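The structure under discussion appears below in the form of structure tokens.
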Amino acid sequence: MSTVRIPPLLRARVGGTKQVELPAGTLGEVLDALASAYPVLRSLLFAEDGTLARGFRAFVDSRDARLTGGLSTPVEEHDLVVILPATGGGGGGGGA
């Protein structure tokens, strides 16, 4: 199982849960399993096209998933997945 750490911003929506254990797979599969366990998270974590919502970033064992394959990033047994709210940078001119 992999561990998914839920950010404080979302914990109130999942009964205060800080982290959950979910089967390994791709990051997309892990986050889909999280959204299945806590349906209120689906519309927050995923954009309409199925990508990770712009308001969040995901890391697999401290590696930014945007740089390692996005939702296709492999998540192995015992990996730590961290979901963080994206932070704004200012000028709004681009980025990932």
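Total residues in the stretch 1-20 satisfying the condition of being of a type in the set (S, T, N, Q), more than 18 Å from Ser62 (Cβ to Cβ) and in contact with an Asp or Glu (Cβ under 8 Å, 6 or more places away or on another chain): the figure is 0. Going through the stretch 44-82 one residue at a time, which ones are of a type in the set (Ser, Thr, Tyr) and free of Cβ contacts under 8 Å to residues at least 40 places away in the same chain? If the condition is that a residue be of a type in the set (Ser, Thr, Tyr) and free of Cβ contacts under 8 Å to residues at least 40 places away in the same chain, then Thr51, Ser62, Thr68 are the ones that fit.
What are the residues in the stretch 21-44 that are β-branched (Val, Ile, Thr) and under 16 Å from Phe56 (Cβ atoms), if any? Within the stretch 21-44, Val30, Val40 qualify. Consider the stretch 1-41 and keep the residues that are among the charged types (D, E, K, R) and within 16 Å of Val81 (Cβ to Cβ). The one that is surrounded by the fewest Cβ atoms within 10 Å (Cβ to Cβ) is Glu21.
Restricting attention to the stretch 16-29, which residues are farther than 12 Å from Glu77 by Cα and either modelled with pLDDT under 95 or among the hydroxyl-bearing types (Ser, Thr, Tyr) (or both)? Of everything in the stretch 16-29, just one residue is farther than 12 Å from Glu77 by Cα and either modelled with pLDDT under 95 or among the hydroxyl-bearing types (Ser, Thr, Tyr) (or both), namely Thr17.
The values are calculated or read from the model by the stated rules, or taken from the named source; none is laboratory data. No experiment lies behind these values; they were computed from the predicted model shown. Because the Cβ atoms are built from the backbone with ideal geometry, glycine has one as well, and the counts that use them run over all protein chains shown.
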